[in-house]
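**Student:** Sharing a structure with you now.
The values are calculated or read from the model by the stated rules, or taken from the named source; none is laboratory data. Because the structure is a prediction, the values reported are computed rather than measured. When we count neighbours, we look across all protein chains shown, and the Cβ atoms used for this are built from the backbone with ideal geometry, even at glycine.
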Amino acid sequence: MFFPESFNTSTTSTSFSLEDEHSKISTTCFSSRDYELLFGDFIKHTYARSYSYTFIKYSVMTIGLAELRKALNFGPVRPWTHYKHGKPTIQELESATSLEDYYDLVEPITHFQSLDNSFLFEKNIHIAVDYLDKRLPSIRNIFRRRFEEKSEGTKNDRKLVDIMIDEWRKMVGRIMRAIHEMKKNDEKC
């Protein structure tokens with residue numbers, strides 16, 4: 001997959017390319033054992049592979065939210081709560097007393113990342129996040145670098161929060177396309 005030039009960043013001592021990080025993900029081969037470990041050895045290979053895409057997606061989203069909150073200098077990802085349907089009201093948004101309060105109202109949480117999830121427990125996602133951090137550190141690297149790049153030299157305000165959330169959505173999509181490519185390599189493991 002191609003990332004535009006604007007997605008490439010460099011540091012003083014090493015070069016960093018989101019395209020290279022994407023390639024690291026898409027060319028990885030996940031074995032049955034990888035999928036079992038992703039699920040914390042709770043289910044065996046065939047079922048672990050079957051359920052893995054959704055499981056990985058919500059783990060990737062969680063990694064992205066953690067890096068987004070970190071880039072905005074907010075606390076860690078909040079524990080799951082019941083899902084709140086609908087967008088916050090104008091009154092709720094206007095009554096947010098801090099930037100983090102505003103973010104908490106607009107944070108892109110899905111039904112699957114809530115106590116109302118009928119498939120996963122929050123602890124399952126933590127296990128998967130830990131495993132992905134070890135096995136595919138490029139996921140976190142992509143979010144971290146892209147958020148650093150987006151926020152560099154900008155004012156920490158509501159507009160930046162909205163821009164960063166939009167960037168989070170884009171990065172989740174790109175990473176999941178890389179995961180889709182990676183899953184095509186499974187039979188080679």
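**Student:** Would you confirm whether any residue within the range 134-152 is modelled with pLDDT under 95 and either among the aliphatic types (A, V, I, L, M) or part of a loop (DSSP other than H, G, I, E, B) (or both)?
**Tutor:** Yes, there is a match, as at least one residue in the range 134-152 is modelled with pLDDT under 95 and either among the aliphatic types (A, V, I, L, M) or part of a loop (DSSP other than H, G, I, E, B) (or both).
**Student:** Right, something else. Out of the residues in the range 105-114 meeting the condition of being modelled with pLDDT of 90 or more and not in a helix (DSSP H, G or I), tell me which one is surrounded by the fewest Cβ atoms within 10 Å (Cβ to Cβ).
**Tutor:** Out of the qualifying residues, it is Pro108.
**Student:** Considering each of Asp130, Asp157 in turn, give the residue that is acidic (Asp, Glu), loosely packed, with under 14 Cβ neighbours inside 10 Å and more than 12 Å from the chain's Cα centre (by Cα).
**Tutor:** One residue alone meets the criteria, Asp157.
**Student:** Among the listed residues Tyr83, Tyr102, Tyr131, identify the single one that is out of contact with any strand residue (DSSP E or B) (no Cβ under 8 Å at 6 or more places or on another chain), touching a residue at least 60 places away in the same chain (Cβ under 8 Å) and either over 30 Å from Arg33 (Cβ atoms) or part of a helix (DSSP H, G or I) (or both).
**Tutor:** Tyr131
**Student:** Still on this structure, please answer the following. Filter the range 133-154 for residues that are closer than 29 Å to Leu105 by Cα and of a type in the set (A, V, I, L, M, F, W, C); which is surrounded by the fewest Cβ atoms within 10 Å (Cβ to Cβ)?
**Tutor:** Going through the qualifying residues, I end up with Phe147.
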